[in-house]
């Protein structure tokens, strides 16, 4: 994923404990996220509510799709971000964070 | 009747509304019957991390709280007493509680009466639970929170009242206050749901409402209350908004009238709870620009949307810089240098002052009470012992003040992310960087700051290796030995100095690697950390944390350090060697000369010749006394229990190049490294001098450099010995206060013992290897 892209988490190739922790933090399957910083460390913003993607599959502005005014950024080390698969509109195969 | 939300503002909807029946989803359970509001003795504060729960706790309790540990852990258990409650607000809250959140009357709720509205104090205690994302996770914090809420915690942590009565804690709290972050309400509602399932009287405090308001978030409090079945208060711990109403609400909480779905841990139940939380959030909070809004509301909503977009963009830009591999590292390095400089340099001002105060006090005791045993116990044992504890407090205060500012600003979480990739190969987390850096000033506050490390094994590893960092107490030893090694060559001495620091760091990371692959084996928790928004740090929070940490240190370590100091004083002072007749006679001569000098000044203040003559006599008497006193001090040290131990242990330290004098110095240093120089001055050079004197006095250094061993030929401080002793001091655990803190922070003395054995063994082995190598290379 590149900085600024939005996507939906489809799979987390993690063990049960890590998956439970991330889910509790809001990174769960079908959650919509925006990549604030790609690479290591990876930072994602959890976009609550509806998907909020525009027709081009891109966020319309830094806080796009955030219908609730919330802000929640999560920093992930590489060994976590590499195992979270995200789908982006137009790329059904899914990519690692 | 519902409680009105405090604070008008754009985007808030304070008017009570009933939840629409048609909007209630199919899974919503039947409302439970209302129950009475009992008098609460204990209220548990629960919430996600970064919700401002601790700030709220501090605001509600002021400084009326104590910190201990949750049983069997080193997680902070903070228990405080809620300060005064406005009786008028309490009456209003009680009146509100007489109707439950769905508008039905609660006849069992207490009658508020028509008593006065003056504030009154309560004995209600608040216990601040660890921040958790979920009560069902299999991690320490969740387990502790679960047990605390269920009342199954073992003995150990105590309430204020139980501390006094000596009782033990195990009781379930009477009520729960869930602190939710208004800017991240959707996720926070899941924990609210888990709390509601506990069927305890519950209040939800939606914190950071000031920030949420700026971002244009509007919360329908009445709808939220009705959906959750409990009181909901909008508060800001930062500005104080809503706190009075919260205090009153906490005392009148009722058992929730609704029960969220789920009830056991499991994927299905978690999904149901998540859907419940998302549904409630969607109905009760939004930042959308409302249809048909007035022009003013529309303008306000648009301003909020612009603010939101700008704030997010600004955060993204700042994160790009502070997390940049190059610039981020430079910024982090500069910040850490500032922290290090502050605790290393700035703290010396109050530390020197404290040193003088206690030194003056000890001297004053001797002046007042003489040199008898009682005076010696008081001055050299108790006062010195208390001073040995108090002297650390400036560094502890400064370190925690700065860490609190960095944490509150939102930067520290980014710093942990940045350093995580550097430290992870050695089994250490990014959070370990601050403790390891501050251990260069002093290991005590560094070890205490390890509480911020979430993973218990990583925390333990950091605690165990922190003392390898060359602390300020080692500097006089490094300075002495490098000067003896490279006399007149300061450049090489400085290089050796730097080498000592690097050796310590290398030993720390390698020891951590070994520990994480053996006794602390286990998968390290990969780093997933919530990044709070950047904001101006709160001075109030930083000061509260600082005071709390200082008291905690004084309480936990003070008594132990004092006890250890008294034991060490005794070992060094006994058996007492009677003064020889010549010394007593010379002291009397000096005393008479001093009296004559004072009399001359008083009788003939203008007679310079008389005064000069008396002064000269005094100086002569003093010069004749000095070598006798030094010889007596040297002999007394040699005959003391420490000295005898030194002679007994000399064969053990001989392989690393020490004779019995150096052995005495090394053994005395196991209590505190800084005494090595002064011990050597006494035992070897025959001078009573401290490290500063040695640094400034070439005479003492020369005597140390040329002193010979018992064979009359070999230097005490020969090059091979100097190198091996230098390596020994880099690696050895020679600080009893550090061992005491390690035992406290790890929860068991075995870790302190391991630390002592590992570091001492490593130091001895390395010193032996260096000494042997030097001899083989002809460096003698």
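The values are calculated or read from the model by the stated rules, or taken from the named source; none is laboratory data. This structure is a prediction, so every number in the text was calculated from the model and none was measured. When we count neighbours, we look across all protein chains shown, and the Cβ atoms used for this are built from the backbone with ideal geometry, even at glycine.
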Practice item. Those residues that are surrounded by fewer than 22 Cβ atoms within 10 Å (Cβ to Cβ) and not in a helix (DSSP H, G or I), I need them from segment B:471-497; list them, please. Key: B:486, B:487, B:488, B:489
Review point. Quick one: in segment B:211-224, which of the residues that are part of a helix (DSSP H, G or I) and within 14 Å of chain A (Cβ to nearest Cβ) is modelled with the lowest pLDDT?
Key: B:214
Point to revise | Residue tally, condition farther than 20 Å from residue B:570 by Cα and at pLDDT 85 or above, over segment B:629-659 | key: 10
Check your understanding: Would a scan of segment B:468-487 turn up a residue that is out of contact with any helix residue (DSSP H, G or I) (no Cβ under 7 Å at 6 or more places or on another chain), at pLDDT below 90 and closer than 20 Å to residue B:763 by Cα?
Key -> yes
Practice item. Would you tally the residues in segment B:564-601 being over 29 Å from residue B:670 (Cβ atoms) and assigned to a helix (DSSP H, G or I)? Key: 21
Practice item. Mind counting the residues in segment B:636-647 that are closer than 21 Å to residue B:771 by Cα and surrounded by fewer than 23 Cβ atoms within 10 Å (Cβ to Cβ)? Key: 1
Check your understanding: Within segment A:20-30, which residues are in contact with a strand residue (DSSP E or B) (Cβ under 8 Å, 6 or more places away or on another chain) and modelled with pLDDT of 85 or more?
Key -> A:21, A:22, A:25, A:26, A:27
Revision key, fill the gap. Conditions (1) in a helix (DSSP H, G or I); (2) surrounded by 21 or more Cβ atoms within 10 Å (Cβ to Cβ); (3) at pLDDT below 90 -> residue B:554 fails only (2)
**Study point:** Close pairs from segment B:615-629: first within 18 Å of residue B:683 (Cα to Cα), partner at pLDDT below 85, Cβ under 9 Å, at least 6 apart
**Key:** B:626/B:687; B:627/B:686; B:629/B:688
**Study point:** Filtered residue count, segment B:712-753, keeping only those that are under 17 Å from residue B:508 (Cβ atoms) and in contact with a strand residue (DSSP E or B) (Cβ under 8 Å, 6 or more places away or on another chain)
**Key:** 2
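If you take the residues in segment B:444-455 that are more than 14 Å from every other protein chain (Cβ to nearest Cβ) and in contact (Cβ under 8 Å) with a residue 60 or more places away in the chain, which one is surrounded by the fewest Cβ atoms within 10 Å (Cβ to Cβ)?
Among those that are more than 14 Å from every other protein chain (Cβ to nearest Cβ) and in contact (Cβ under 8 Å) with a residue 60 or more places away in the chain, it is B:451.
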Practice item. Output the residue which, of all residues in segment B:745-757 that are surrounded by fewer than 20 Cβ atoms within 10 Å (Cβ to Cβ) and touching a residue at least 40 places away in the same chain (Cβ under 8 Å), is farthest from residue B:518 (Cα to Cα). Key: B:747
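Yes/no matrix, rows are residues, columns are (1) in a helix (DSSP H, G or I); (2) within 14 Å of chain A (Cβ to nearest Cβ):
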{"residue": "B:226", "(1), (2)": "yes, no"}
{"residue": "B:233", "(1), (2)": "no, no"}
{"residue": "B:244", "(1), (2)": "yes, no"}
{"residue": "B:272", "(1), (2)": "yes, yes"}
{"residue": "B:303", "(1), (2)": "yes, yes"}
{"residue": "B:311", "(1), (2)": "yes, yes"}
Exercise for review: For residue B:371, state whether it is more than 30 Å from residue B:333 (Cα to Cα) and without any contact (Cβ under 8 Å) to a residue 12 or more places away in the chain.
Suggested key: yes
Review point. Out of (1) touching a residue at least 60 places away in the same chain (Cβ under 8 Å); (2) farther than 23 Å from residue B:455 by Cα, what's the single condition that is false for residue B:502?
Key: (1)
Revision key, fill the gap. Going through (1) crowded, with 20+ Cβ neighbours inside 10 Å; (2) within 31 Å of the chain's Cα centre (by Cα); (3) more than 14 Å from every other protein chain (Cβ to nearest Cβ); (4) in contact (Cβ under 8 Å) with a residue 40 or more places away in the chain one by one, residue B:204 fails only at (4)
**Study point:** Tally, over segment A:79-90, of residues that are in contact with a helix residue (DSSP H, G or I) (Cβ under 9 Å, 6 or more places away or on another chain) and either modelled with pLDDT of 85 or more or surrounded by 19 or more Cβ atoms within 10 Å (Cβ to Cβ) (or both)
**Key:** 3
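A quick yes/no check of all residues on (1) in contact with a helix residue (DSSP H, G or I) (Cβ under 6 Å, 6 or more places away or on another chain); (2) facing chain A (nearest Cβ under 10 Å); (3) not in a helix (DSSP H, G or I):
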residue	(1), (2), (3)
B:292	no, no, yes
B:298	no, no, no
B:315	no, yes, no
B:319	no, yes, no
B:343	yes, no, no
Exercise for review: Take residue B:533 and decide whether it is closer than 22 Å to residue B:411 by Cβ, within 14 Å of chain A (Cβ to nearest Cβ) and buried (at least 16 other Cβ atoms within 10 Å of the Cβ).
Suggested key: yes
Point to revise | Odd one out for residue B:267, checked against (1) touching a residue at least 12 places away in the same chain (Cβ under 8 Å); (2) out of contact with any helix residue (DSSP H, G or I) (no Cβ under 7 Å at 6 or more places or on another chain) | key: (1)
